[in-house]
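Heads up: the structure comes next, in structure tokens.
The values are calculated or read from the model by the stated rules, or taken from the named source; none is laboratory data. Keep in mind that this is a model prediction, so the values were computed, not measured. Ideal geometry is used to build each Cβ from the backbone, glycine not excepted, and the neighbour counts take in all protein chains shown.
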Amino acid sequence: MNSRERFFAFLEGRPVDRLLVMPLTMMLAAERVGIPYGRYALDYRVLAQAQIHTAEEFGFDHVSAITETREARDCGAVIRYFENQPYAIDESQALLSDKKVLAHLKAPDPHVGESMRDRLQAIALLKEKVGNEKIVEGWVEGPCGAAADLRGINTLMLDFYDDPDFVHDLFNFVLDLALRFGKAQREAGADLIGIGDPAASLVGPKLYREFVWEWEKKLADGLHAQGLRVRLHICGNTKPILPEIARLGVDIVDVDSAVPMSAARAGLGPNQIVQGGIDPVRVLQMGTPEQVIAAVTECHRASGGRFVLGAGCEIPPGTPLENMRALAQCAKALA
């Protein structure tokens, strides 16, 4: 059973030979091939090389084209670049600091925008090289995260109270862009799309229900309609919004280490597939192999078995190789 077969069998509830292993690795992948992250994030050939190397080294079932936002860059957001760190939105020059700009903002074509096109090229190359064996994962920004990239996270938080109509207009804009970007990634060879919406954990359950859930649901349903599997990644403490996340109908929910896996299972229900739960810093980067095995074993137990091996968020650079190997070895030990 290869990784593709294992992935689809597990999602469909059929027997598999071991647990899926699908952690997020960006800076770690760049580190494993000795290339500064700044190059990894901006050159699809470097990203593909690093992802394939890391997946093969540790027995991952997927390769992923995740990086920081591509959509905001191609919309015209001001970006700050670093040699060996993730690039960042310059919120002091937010593209939508003046709300009136939204009415005239043109959504970029994913095949034309330099940044989004680079991700499409990464997916196509990953599909060509390992797509018959492994799952190829694309990525889109979720509505809250994408809106924050364009408006500024602090300003968006005020908009929820000061101008709800504008928030819905902005969410509609980023939803349309995400669906078109997802479709383009599917055509390039993606099997799975991750929705990254970290800002959604900051708004609280009331605003999540009133604003964010509706648009995450539309995004997940739209990606499913395109024939894609969907993974939701929200960093931070999502415990207060787990019952709402359970209603989204995504295939995999990432669980940050801020949420005990037992609480995630209680909030998401018995059938939702969950990924992660392991503290990427305290356990994977700073712990011992024995601590990694113990943490994974407990997460697997608390999950009830509907569990994909990974970490609560991105595995950081500098994570010891013996800890990564211990993580991967749990896939067979816990099967």
So, of the residues in segment 120-140 that are surrounded by 21 or more Cβ atoms within 10 Å (Cβ to Cβ) and either among the basic types (Lys, Arg) or not in a helix (DSSP H, G or I) (or both), which turns out to be farthest from the chain's Cα centre (by Cα)? LYS134
Of the residues in segment 1-26, those that are of a type outside the set (D, E, K, R), out of contact with any Cys (no Cβ under 9 Å at 6 or more places or on another chain), in contact (Cβ under 8 Å) with a residue 24 or more places away in the chain and under 23 Å from CYS299 (Cβ atoms) come to SER3, PHE7, PHE10, LEU11, VAL16, LEU20, MET22, PRO23, THR25, MET26
Residues in segment 213-248 that are assigned to a helix (DSSP H, G or I) and over 26 Å from ILE278 (Cα atoms) total 10
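Which of the residues that make up segment 297-310 are under 24 Å from GLU12 (Cβ atoms) and either part of a loop (DSSP other than H, G, I, E, B) or over 19 Å from the mean Cα position of the chain (by Cα) (or both)? I'd like the intermediate steps shown before the answer.
Initially, segment 297-310 is screened for residues under 24 Å from GLU12 (Cβ atoms), giving 299-310.
Matches in segment 297-310: CYS299, HIS300, ARG301, ALA302, SER303, GLY304, GLY305, ARG306, GLY310.
Quick grid of which residues meet (1) within 30 Å of VAL21 (Cβ to Cβ); (2) surrounded by fewer than 24 Cβ atoms within 10 Å (Cβ to Cβ); (3) within 19 Å of the chain's Cα centre (by Cα):
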position	(1), (2), (3)
TYR87	yes, yes, yes
PRO108	no, yes, no
ALA146	yes, no, yes
ASP165	no, yes, no
LEU170	no, no, no
ASP176	no, yes, yes
ARG180	no, yes, yes
Could you please find all residues in segment 69-92 being among the aliphatic types (A, V, I, L, M), assigned to a loop (DSSP other than H, G, I, E, B) and within 17 Å of VAL140 (Cβ to Cβ)? ALA77
Taking the options ARG117, ARG151, ARG73, name whichever one is over 29 Å from ASP251 (Cβ atoms), crowded, with 17+ Cβ neighbours inside 10 Å and among the basic types (Lys, Arg). ARG151
Report every pair of residues separated by at least 6 positions or lying on different chains whose Cβ atoms are under 8 Å apart, first residue within segment 272-288 and within 24 Å of PHE10 (Cβ to Cβ), second in a strand (DSSP E or B) and among the acidic types (Asp, Glu). VAL274/ASP254; GLN275/ASP254; GLY276/ASP254
For ARG45, indicate whether it is in contact (Cβ under 8 Å) with a residue 24 or more places away in the chain and among the basic types (Lys, Arg). yes
Within segment 249-279, how many residues turn out to be surrounded by fewer than 18 Cβ atoms within 10 Å (Cβ to Cβ) and either in a strand (DSSP E or B) or of a type in the set (A, V, I, L, M) (or both)? 3
Being assigned to a loop (DSSP other than H, G, I, E, B), of a type in the set (A, V, I, L, M, F, W, C), at pLDDT 95 or above and more than 23 Å from PRO143 (Cα to Cα) is true for just one of ILE66, ILE52, ILE35. Which residue is that? ILE35
What pairs can you find where one residue is in segment 208-233 and over 26 Å from ALA311 (Cα atoms), the other is among the basic types (Lys, Arg), and their Cβ atoms are less than 6 Å apart, with a gap of 6+ or different chains? GLN226/LYS183; GLN226/ARG186
Here is a check on your reading of the model: is ILE241 among the aliphatic types (A, V, I, L, M), buried (at least 18 other Cβ atoms within 10 Å of the Cβ), in contact with a Ser or Thr (Cβ under 8 Å, 6 or more places away or on another chain) and closer than 30 Å to VAL281 by Cα? yes
Please go through segment 311-335 and give me each residue that is outside any loop (DSSP other than H, G, I, E, B), among the small types (Gly, Ala, Ser) and surrounded by 15 or more Cβ atoms within 10 Å (Cβ to Cβ), ordered by number. ALA326, ALA328, ALA331
